[in-house]
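K.L.:
Submitted below is the structure of interest, expressed as structure tokens.
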Amino acid sequence: FACTWLASPKLGLPDRPLTLAELADHPILAYSKDSVPQHRLLRQLADAGIEDPTTYNSNSLATIIRLAQDGIGVTPMPTVIVRQQLAAGTLVALDVSPAFPPLSFHAVYYDHPDNLISAVVAQIAQEVAHSFSLAQTDGASW
């Protein structure tokens, strides 16, 4: 899923291309510690010469979105997850270079004959995600 750097309009960030260094002047609302997205974020910042940025981590995307809307900081987030906030203007997309890399989501479950529901739910989620991706490619909206 493609990602976009986001912020609340309350932060008053300029409407022009921004660098990672400019973003790092604000707290960065990030994913769970030791997660793949968190490691990617820290690598991107380190590659840009930004060491020890202020980050607030959460394993809840809803919490990160709410903190961003409240103007606590900036965040890279899958664009599809924040369509409503972007449409409502409670979050704005930032033009940042380099862009945050797309995210992949995985379903992990215990594969055991006594636990069939997990496999079925994972399969349904995969089918829905695939259909959604095709709809986005075709320009359809959900």
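The values are calculated or read from the model by the stated rules, or taken from the named source; none is laboratory data. Note that the structure is predicted; figures quoted are calculated from it, not measured. Quick reminder, even Gly has a Cβ in these numbers, built from the backbone with ideal geometry, and neighbours come from all protein chains shown. With ligands, DNA and RNA removed, areas are computed over all heavy atoms of the protein, side chains included. Shrake-Rupley method; radii C 1.70, N 1.55, O 1.52, S 1.80 Å.
K.L.:
Rounded, prolate or oblate: which fits the stretch 1-82 when a ≥ b ≥ c are the square roots of the eigenvalues of the alpha-carbon gyration tensor, with rounded for a/c under 1.5 and prolate only if a/b beats b/c?
P.N.:
It is rounded, given that a/c, with a ≥ b ≥ c, falls under 1.5.
K.L.:
Can you give the accessible area per residue of the chain, in Å², using a 1.4 Å probe?
P.N.:
I get 61 Å² per residue for the chain.
K.L.:
Expressed as a rounded percentage, what relative contact order does the chain have, with Cα pairs under 8 Å and six or more residues apart?
P.N.:
In percent, rounded to a whole number, it is 38.
K.L.:
Assuming 0.36 nm per residue, please report the length gained on full extension of the stretch Ser131 to Thr79 beyond their Cα-Cα distance.
P.N.:
17.0 nm
K.L.:
What percentage of the solvent-accessible surface of the chain, computed with a 1.4 Å probe over protein heavy atoms, is contributed by carbon and sulfur atoms?
P.N.:
Of the solvent-accessible surface of the chain, carbon and sulfur hold 55 percent.
K.L.:
List every DSSP H helix in the chain whose Cα atoms extend 30 Å or more along the helix's own long axis and whose mean Kyte-Doolittle hydropathy is at least 0.0.
P.N.:
Those that pass (Cα extent of 30 Å or more, hydropathy at least 0.0) are 116-137.
K.L.:
Once you list every other residue whose beta carbon is under 14 Å from the beta carbon of Gln85, what net charge do they have if Lys and Arg are +1 and Asp and Glu are -1?
P.N.:
Surrounding charge for Gln85 is +2.
K.L.:
Run the simple label-point estimate for Ala119 and Ala46 please: 7 Å along Cα→C-beta, distance reported in nm.
P.N.:
Result: 3.9 nm between the two label points.
K.L.:
At 1.567 mPa s and 4 °C, plugging the Kirkwood radius over alpha-carbon pairs of the chain into Stokes-Einstein gives what diffusion coefficient in µm²/s?
P.N.:
78 µm²/s
K.L.:
Placing +1 on the Cβ of each Lys and Arg and -1 on the Cβ of each Asp and Glu in the stretch 25-92, which of Asn57, Ala88, Met77 has its Cα farthest towards the positive end of the resulting dipole?
P.N.:
The residue sitting farthest along the positive end of the dipole is Ala88.
K.L.:
Counting only helical runs of four or more DSSP H residues, what would the 222 nm mean residue ellipticity of the chain come to if each run contributes -39,500 (n - 2.57) and the total is spread over all its residues?
P.N.:
Mean residue ellipticity, 222 nm, calculated: -11000 deg cm²/dmol.
K.L.:
Here is a follow-up. What is the gain in length, in nm to one decimal, between Arg66 and Lys10 on full extension, counting 0.36 nm per residue of separation less the C-alpha to C-alpha distance?
P.N.:
Extra length from Arg66 to Lys10 when fully extended: 18.9 nm.
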